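Single-structure report; data block below.
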Amino acid sequence: MPLPISVVIPYRNASATFGEALASVRSQTDAPAEIIVVDDASDDAERRHLEAVSGGLTVVRFAKRRGPGPARNAGVGVASESFVAFLDADDRWMPGKLRVQYRYMVAHPEVDVTHTGSVVSMRGGLEFARVDHRPPELTLPLALSEPQMTTPSVMLRRSTFLRLGGFDPAFRCTQDWELQIRMVQAGYRVRFIPLPLTWVRREGHDHHSADWRCFLAGHLRVLLKHRRSYVRAWGHRGWAHMLASELDRGGRRRGGWFGRGLGLPLRLGV
């Protein structure tokens with residue numbers, strides 16, 4: 001019997017990798033009740049590819065590109081099951097992922113969100129596992145410090161996502177970090193399962209966060225939107241130091257003299 005889980009996959013021009021992602025869902029030890037794919041205004045040929053493999057899928061289409069956050073929101077909006085699991089069209093799951101998370105959340109009804117360890121694929125085929133550096137429970141200081149959850153590893157109760165209002169569509173990048181902050185601010189329990197159940201690709205794909213401008217703008221927007229929480233947690237100087245740190249990180253991605261200049265406030269001891 002399928003598990004009461006809706007799988008939501010944003011799709012944009014992803015024919016090269018979508019087959020593997022979809023196969024990893026269909027080969028789960030326990031199948032999900034439904035798979036929802038949101039086509040974020042793919043090119044004509046890519047859209048036809050999705051149509052050719054869409055048997056058994058629920059497909060939502062955007063006429064104009066809106067980004068992965070709104071795509072996930074739309075997918076959850078049409079979902080019919082109690083639990084939602086996110087997957088990107090270029091990532092994949094290990095066979096037992098849904099079973100492990102579902103059983104954990106049924107056994108711990110006080111938990112609203114779970115996320116898992118992952119195997120990260122880098123340029124040149126290098127892979128490494130991220131399983132032991134995450135805390136078992138997400139606290140507000142940790143949520144504020146940096147993104148703690150890999151979105152394709154997340155399973156949560158649909159009611160929780162809807163009460164939170166989903167991903168903020170104002171964020172083209174870093175929408176996952178912003179959502180995790182709101183989760184903890186609202187008092188929801190977020191637990192980490194230290195097993196490498198998600199495989200994520202970190203090179204050769206169309207992620208907004210690969211663009212240093214989008215990366216930096218998203219991180220700065222998080223700091224500005226949640227400034228009060230940062231100040232309450234770390235004081236004004238702590239917030240300013242975090243701001244300088246993000247400028248430095250964005251500058252390192254940018255490179256060159258301009259990028260080094262962005263990191264200057266941190267090196268001056270702000």
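For the stretch 168-203, which residues satisfy the criterion of being in contact with a Phe, Trp or Tyr (Cβ under 9 Å, 6 or more places away or on another chain) and either without any contact (Cβ under 8 Å) to a residue 12 or more places away in the chain or not in a helix (DSSP H, G or I) (or both)?
Phe171, Cys173, Thr174, Arg191, Ile193, Leu197, Thr198, Trp199
For the stretch 20-39, enumerate the residues that are part of a helix (DSSP H, G or I) and either among the hydrophobic types (A, V, I, L, M, F, W, C) or under 20 Å from the mean Cα position of the chain (by Cα) (or both).
Applying the first criterion (part of a helix (DSSP H, G or I)) to the stretch 20-39 yields 20-26.
Result: Glu20, Ala21, Leu22, Ala23, Ser24, Val25.
When only residues in the stretch 40-58 that are in contact with a strand residue (DSSP E or B) (Cβ under 7 Å, 6 or more places away or on another chain) and assigned to a helix (DSSP H, G or I) count, which is nearest to Ser6 (Cα to Cα)?
Leu50
Name the single residue that is surrounded by the fewest Cβ atoms within 10 Å (Cβ to Cβ) among those in the stretch 71-93 being over 17 Å from the mean Cα position of the chain (by Cα) and aliphatic (A, V, I, L, M).
Among those that are over 17 Å from the mean Cα position of the chain (by Cα) and aliphatic (A, V, I, L, M), it is Val78.
Of the residues that make up the stretch 43-59, is at least one in the same structural domain as Gly165 (by TED's automatic domain parsing), of a type outside the set (Ser, Thr, Tyr), buried (at least 23 other Cβ atoms within 10 Å of the Cβ) and within 24 Å of Phe167 (Cα to Cα)?
no
Hey, could you check the stretch 1-15 for residues that are out of contact with any helix residue (DSSP H, G or I) (no Cβ under 6 Å at 6 or more places or on another chain) and without any contact (Cβ under 8 Å) to a residue 40 or more places away in the chain and say which is surrounded by the fewest Cβ atoms within 10 Å (Cβ to Cβ)?
Filtering first and then ranking leaves Met1.
The values are calculated or read from the model by the stated rules, or taken from the named source; none is laboratory data. As the structure is a prediction and not an experimental result, all values here were calculated from the model. Because the Cβ atoms are built from the backbone with ideal geometry, glycine has one as well, and the counts that use them run over all protein chains shown.
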